[in-house]
Amino acid sequence: MKFAKYLFYIAGIFGMLVITPLFFIFDKIGVRDTPPITHPLFFYGFARVARAWQFVFLVIATNPVRFRPFMLVGILEKLGFFLPAVILYSQRRVRVADLLLSCGDALLAVLFLIAYLKTPSAATN
């Protein structure tokens with residue numbers, strides 16, 4: 001259970017550190033990675049939802065046994081970035097750097113699955 005606790009604390013804190021800067025670099029993204037973003041609501045909506053999930057991971061860390069079912073949903077959240085990146089890369093619609101960036105979420109999805117399997121269900125307590 002310590003594994004799950006540390007994993008979800010680290011995932012939540014790391015996610016906050018990575019996602020929060022997105023709110024301050026909107027204009028720079030279009031300069032460094034053309035074309036510019038034409039749908040700011042999609043961008044900020046994604047960033048807000050992604051950031052909200054980091055709070056969910058922090059909640060899971062407080063009591064992994066109680067919140068064990070949410071670990072599976074957390075896996076879906078992580079695959080929700082990785083799988084589209086793989087598909088878009090296979091269609092040559094994103095760069096290899098974008099695909100590699102998504103591999104961090106794939107790793108977390110695997111670690112979340114390991115945490116889920118190692119954490120006892122509430123019924124066994």
Exercise for the section: Figure the gain on full extension for Thr62 and Ile114 (residue separation times 0.36 nm, minus the Cα-Cα span) and round it to one decimal in nm. Expected result: 17.0 nm
Exercise for the section: Work out the FRET efficiency for Asp98 and Ser121 from their Cβ-Cβ distance, taking R0 = 35 Å, and round it to the nearest 0.05. Expected result: 0.40
Completion exercise
Amide H contacts under 5 Å for Val94, restricted to residues at least 5 apart in sequence or on another chain and with H modeled in the peptide plane, are Tyr89
Handout entry: GNM flexibility winner over the chain from Arg48, Arg92, Arg68 (Cα, springs under 10 Å)
Key = Arg92
Fill in the blank from the handout: Ranking Phe81, Leu22, Leu108 by how far each Cα lies towards the positive end of the charge dipole of the chain (+1 on Lys and Arg Cβ, -1 on Asp and Glu Cβ), the top one is Leu108
Exercise for the section: First compute the accessible area of the chain with a 1.4 Å probe, then give the percent of it belonging to carbon and sulfur atoms. Expected result: 72
Completion exercise
In units of 2.2 N^0.38 Å, the Cα radius of gyration of the chain is 1.17
Practice task
Treat every Asp and Glu Cβ in the chain as -1 and every Lys and Arg Cβ as +1, leave all other atoms uncharged, and give the resulting dipole magnitude about the Cα centre to the nearest 20 debye.
Solution key: 220
Practice task
Let me know the charge dipole size of the stretch 55-103 about its Cα centre in debye, to the nearest 20, where only the beta-carbon of Lys, Arg (+1) and Asp, Glu (-1) is charged.
Solution key: 60
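The values are calculated or read from the model by the stated rules, or taken from the named source; none is laboratory data. This structure is a prediction, so every number in the text was calculated from the model and none was measured. Note: ideal-geometry Cβ built from the backbone for every residue, glycine included; neighbour counts use all protein chains shown. Just so you know, the surface numbers come from the protein's heavy atoms only, side chains and all, with ligands and any DNA or RNA stripped out. Shrake-Rupley method; radii C 1.70, N 1.55, O 1.52, S 1.80 Å.
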